[in-house]
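The values are calculated or read from the model by the stated rules, or taken from the named source; none is laboratory data. It should be emphasised that the depicted structure is a prediction, and the values quoted were computed from it without experimental measurement. Cβ sites come from the backbone with ideal geometry, for glycine too, and all protein chains shown count toward neighbours. Surface accessibility is based on the protein's heavy atoms, side chains included, excluding ligands, DNA and RNA. Shrake-Rupley method; radii C 1.70, N 1.55, O 1.52, S 1.80 Å.
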Amino acid sequence: MKKILLLSLVAIFSLPTYAQVSEMMGFRDYRDIADAYYVKLKENSKFDINDINGSPFLNEEFAFGNILDNKSNKKVETFLRYDMYNDVFEIQLDSRSEKINTLERTQNFDYYLNDEKFILIKSKVLNVNHYTSGNGYVAELIPENEDAALYKRYYVELKGGSKALTSYQEDIPPSIRKEEMYILKIEGDYYELEKDKKDIINTFPDNQEKLKKYIKDKKFKFRGKGRELQNQMVQLVRYYNSL
């Protein structure tokens with residue numbers, strides 16, 4: 001019994017501290033949870049997040065996840081939250097801490113959150129709404145070691161709202177809405193997979209007649225968003241890779 005207890009204590013004290021983990025991964029201070037969070041909707045116009053309908057976060061609360069350093073192959077377990085508006089992963093090393101950290105935006109780090117793997121890709125296809133950097137995080141659905149890779153991009157649509165014109169009306173507050181897009185990587189290039197069946201088929205460089213028949217046989221509609229649409233996109237790309 002004493003031997004088991006001793007081994008347990010050794011294991012506990014052998015675990016890296018948060019300071020050691022921070023130094024190992026190169027975490028940087030981002031902001032405090034208690035700080036005001038602002039969204040810029042127009043030039044020189046900022047709104048507190050509390051005054052906006054909707055949320056810039058994929059998941060409002062921090063959830064347990066992993067960060068993989070692809071260079072060192074080291075993995076860190078921590079609390080994560082994806083900020084879709086700023087396209088950055090917020091890191092909370094200790095659930096009791098008010099301090100939020102982040103990492104350099106680089107392809108060296110992958111994030112695992114809510115059963116999804118997020119990687120950074122570089123493509124102008126991501127430049128929609130207020131996104132202009134030409135790179136961003138996507139959830140990997142089919143990896144690029146296949147003939148065609150498939151990714152899902154979470155992003156936000158912003159609306160500025162309006163002031164009431166009369167005393168009988170109410171102000172319409174600014175709003176932020178979560179959107180999704182699917183991205184195909186094939187022969188080294190990235191393409192958005194539109195929801196129109198004809199446009200989807202034309203995105204692929206070959207086997208278009210087979211894809212058309214497959215979509216018809218499966219009765220795919222590619223409508224809406226969520227799990228059903230994702231499953232149809234995944235099945236279609238997997239079928240293409242099997243040809």
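Annotations
- Ranked order, Lys197, Lys219, Lys225 - accessible area, probe 1.4 Å, largest first: Lys219, Lys225, Lys197
- Extension gain, Thr166 back to Asp196 (0.36 nm per residue minus Cα-Cα distance, nm): 6.6 nm
- P(r) tail fraction, region 45-155 - alpha-carbon pairs more than 17 Å apart, %: 58
- Entry comment: accessible area of region 125-236 is 59 Å² per residue, from protein heavy atoms only and a probe of 1.4 Å.
- From helices alone, the chain scores -7000 deg cm²/dmol at 222 nm; the rule is -39500 (n - 2.57) for each run of n ≥ 4 DSSP H residues, then divide by the residue total.
- 13 Å Cα-Cα reach of Lys212 towards aspartates and glutamates, excluding residues that sit fewer than 8 places from it in its own chain: Asp196, Asp199
- Counting only residues at least eight positions apart within a chain, or on another chain, the aspartates and glutamates with an alpha carbon under 12 Å from that of Lys195 are Glu180.
- Carbon plus sulfur fraction of accessible area for the chain, probe 1.4 Å, in percent: 48
- Ordering Arg105, Arg31 by accessible surface, largest first, gives Arg105, Arg31; the 1.4 Å probe counts only protein heavy atoms, with every chain in place.
- Under 16 Å from the Cα of Lys198 - aspartates and glutamates, other chains or at least 8 residues apart: Asp206, Glu209, Asp217
- Gyration tensor (alpha-carbon) shape descriptor, the chain, a/c threshold 1.5: oblate
- Spacing of the modelled spin labels on Lys219 and Arg177, each 7 Å from Cα toward Cβ, amounts to 2.9 nm.
- Listed cross-link partners Lys124/Lys210; Lys152/Lys178; Lys117/Lys210; Lys75/Lys117; Lys197/Lys225; Lys152/Lys197 are compared with a 23 Å cut-off, the Cα-Cα value being larger for Lys124/Lys210; Lys117/Lys210.
- Accessible-area rank, largest first, for Ser175, Ser167: Ser167, Ser175, with all protein chains present and a 1.4 angstrom probe.
- Centroid-to-centroid separation of region 56-74 and region 184-243 [C-alpha atoms, Å]: 29
- Each Cα pair under 8 Å and six or more residues apart adds its separation to the average, and for the chain the resulting relative contact order is 13 percent.
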